[in-house]
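Below you'll find the structure, written out as structure tokens, and then a few comments.
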Amino acid sequence: METLSLPYTKRTLANGLDVIVHEDRHVPIVAVNLWYHVGSKDEQPGRTGFAHLFEHLMFEGSQHHDSGYFPPLQAAGGQVNGSTSTDRTNYWEVVPTNALDLALWMESDRMGYLLPALTQSRFENQRDVVLNERRQNYENRPYGLALVALTAALFPKDHPYHWLTIGSAEDIQAMRLEDVQEFFRTYYHPANASLALAGDVDTERAFDLAEQYFGDLKPGPSPSLVRGTAALHHDVRLVLEDRVEMPRLYMAWLSPAMFAEHDAELDLLADLLANGKTSRLYRTLVYEQRLALDVGAHQGSRELGSFFLLVATAAPGRSLTDIAAIIDIALQQVQDAGPSASEMERARAQIEAHFMYRLQTVGGFGGKSDQLNSYNVLRGDPGYFSADLARYRDATADTVREATRRFFPFDRRVTLCVVPRGQRALALPGSEPVVVS
């Protein structure tokens, strides 16, 4: 069986910055990928949205480049982006080899010198941008508040995953500049970061450049370790009225943390249950019985603990109760007999294809540099590729069945029905109204 590996060299600067280098000289480009080990899980109840706000602020300028971050890199032929999740924030550039110094200088300047350029007006402007983004992506989007209701029901109020990464509108409006500055000092520094360089660059030169641009930055404080436990003790049924045309059913269970035992099995289960036209629920709900317009499943792997989500949109005139019954039958079948050999083969093949696809590019979301940083930050091992893939290769029909039995009790889950306004009767019996914003 083919072994998956990605050659790299890792060193840690004196200030704590991890630097990982992978040479790939096929194309004259270099990926610069920077991860900060901070996400919305590092916020506090009533003080949410800080990590995502910095995804915006970090592109607005720093002390020695006090203007937009995109123009100079794009003028040099580069691509630029970033993202925030519950567990980490990443920023990346893919630039021609001759623009590597520019990308590193700009990354280092916003790591070390963002705050002098963070004015009250700049902060307020980007806070308004985030509030508008929240309105567009959640408050005013059909089904957009479903995940808000689900995470709030799955995780207790003091749990780091109780809120969405974008934060609550009330918390965002209540932010003060001094609170934002303190959040930056705590998390956005070399000792809480990992830099991956991949592409057309000599390894020793890459380390020299990392030392040149980042070596004199001061390490910040060690962030406190975040913990959180969650448990469901009974069946939770909710109904959310929204501006939607068709009712939609969400079922969610608490599941193992990323890389923990059975995390891989639930990834495979999601595939064989509801992803693709040959999956069990698509075949039954969408193709054969025409109960649903679509169906999907996802193991939302996270650092502290995960949740498994099943989603189905009812076809016109069809009942969410009937859809829920079919889902329960499918789950019971997996718990009783496990997946078939062909289902396991297909699911594993899809996972392996996904692994290989991520190695086709040096940069961007999911490319080589991003994967090296992901494994380094979340596992402490940039070379975790083979071990990660082995989790899926080692999974069997029996271990998938065991995971389904263990994590999918029918009396301990959150079921959310999103229905058109004024049509609460379309929800599952016993659903309690929920209001989110």
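The values are calculated or read from the model by the stated rules, or taken from the named source; none is laboratory data. Computed from a predicted structure; not experimentally measured. So basically every Cβ, Gly included, is an ideal-geometry build from the backbone, and we count neighbours across all protein chains shown. Heads up: the accessible areas ignore ligands, DNA and RNA and are worked out on the full protein's heavy atoms, side chains in. Shrake-Rupley method; radii C 1.70, N 1.55, O 1.52, S 1.80 Å.
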Selection from region 65-95 of residues that are open to solvent by 20 Å² or more (accessible area, probe 1.4 Å), free of Cβ contacts under 8 Å to residues at least 60 places away in the same chain and assigned to a strand (DSSP E or B): His65
Top-ranked residue of region 394-409 - restricted to ones that are part of a helix (DSSP H, G or I) and open to solvent by 50 Å² or more (accessible area, probe 1.4 Å), ranked as farthest from Pro247 (Cα to Cα): Asp398
Selection count where residues are open to solvent by 70 Å² or more (accessible area, probe 1.4 Å), touching a residue at least 40 places away in the same chain (Cβ under 8 Å) and not small (Gly, Ala, Ser), scope region 1-18: 5
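Any idea how many residues of region 289-308 are open to solvent by 30 Å² or more (accessible area, probe 1.4 Å) and in contact with a Gly (Cβ under 7 Å, 6 or more places away or on another chain)? Give the derivation first.
At the first step, the residues of region 289-308 found to be open to solvent by 30 Å² or more (accessible area, probe 1.4 Å) are 289-290, 293-294, 298, 301-304.
Filter again for in contact with a Gly (Cβ under 7 Å, 6 or more places away or on another chain), leaving 304.
Number satisfying all stated conditions: 1.
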Output for region 12-60, where each listed residue is within 22 Å of Gly366 (Cα to Cα) and of a type in the set (D, E, K, R): Asp18, Glu23, Asp24, Arg25, Lys41, Glu55
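Restricting attention to region 309-324, which residues are open to solvent by 50 Å² or more (accessible area, probe 1.4 Å) and of a type outside the set (S, T, N, Q)? Walk me through how you get there before you give the answer.
To start, the set of residues in region 309-324 that are open to solvent by 50 Å² or more (accessible area, probe 1.4 Å) comprises 316-318, 321-322.
Pro316, Gly317, Arg318, Asp322, listed by residue number.
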Selection from region 317-366 of residues that are among the small types (Gly, Ala, Ser), outside any helix (DSSP H, G or I) and over 28 Å from the mean Cα position of the chain (by Cα): Gly317, Ser319, Gly338, Ser340
Checking Arg134 against (1) surrounded by fewer than 20 Cβ atoms within 10 Å (Cβ to Cβ); (2) out of contact with any strand residue (DSSP E or B) (no Cβ under 9 Å at 6 or more places or on another chain); (3) closer than 30 Å to Arg421 by Cβ, the condition it does not meet: (1)
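So which residues in region 52-64 are closer than 27 Å to Glu303 by Cβ and in a strand (DSSP E or B)? Outline the logic, then answer.
Narrowing region 52-64 to residues closer than 27 Å to Glu303 by Cβ: 52-59.
Within region 52-64, none qualify.
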Condition broken by Val21, with the remaining ones in (1) open to solvent by 10 Å² or more (accessible area, probe 1.4 Å); (2) assigned to a strand (DSSP E or B) satisfied: (1)
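Among residues belonging to region 410-437 that are in a loop (DSSP other than H, G, I, E, B) and of a type in the set (A, V, I, L, M, F, W, C), point out the one that is most open to solvent (accessible area, probe 1.4 Å).
At the first step, the residues of region 410-437 found to be in a loop (DSSP other than H, G, I, E, B) are 410-413, 421-423, 427-431, 434-437.
Now drop any that are not of a type in the set (A, V, I, L, M, F, W, C), which leaves 410, 427-428, 434-436.
Numbers: Phe410: 60, Ala427: 12, Leu428: 12, Val434: 32, Val435: 139, Val436: 32 Å².
Going through the qualifying residues, I end up with Val435.
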Among (1) at pLDDT below 95; (2) closer than 30 Å to Arg318 by Cα - the single one Pro433 does not satisfy: (1)
Qualifying residue in region 50-60 (condition: farther than 27 Å from Gly305 by Cα and of a type in the set (Gly, Ala, Ser)): no
Number of the condition not met by Ser62 [criteria: (1) closer than 19 Å to Ala193 by Cα; (2) more than 25 Å from the chain's Cα centre (by Cα); (3) open to solvent by 10 Å² or more (accessible area, probe 1.4 Å); (4) not aliphatic (A, V, I, L, M)]: (3)
Of all residues making up region 119-141, the number that are within 23 Å of Tyr36 (Cα to Cα) and either aromatic (Phe, Trp, Tyr) or touching an Asp or Glu at 6+ places or on another chain (Cβ under 8 Å) (or both): 3
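With the structure loaded, tell me whether Pro247 is at pLDDT 95 or above and under 27 Å from Ser306 (Cβ atoms) or whether it fails that test. Steps first, answer last, please.
Values: at pLDDT 95 or above: yes; under 27 Å from Ser306 (Cβ atoms): yes.
Taking the combined requirement at face value, the residue satisfies it.
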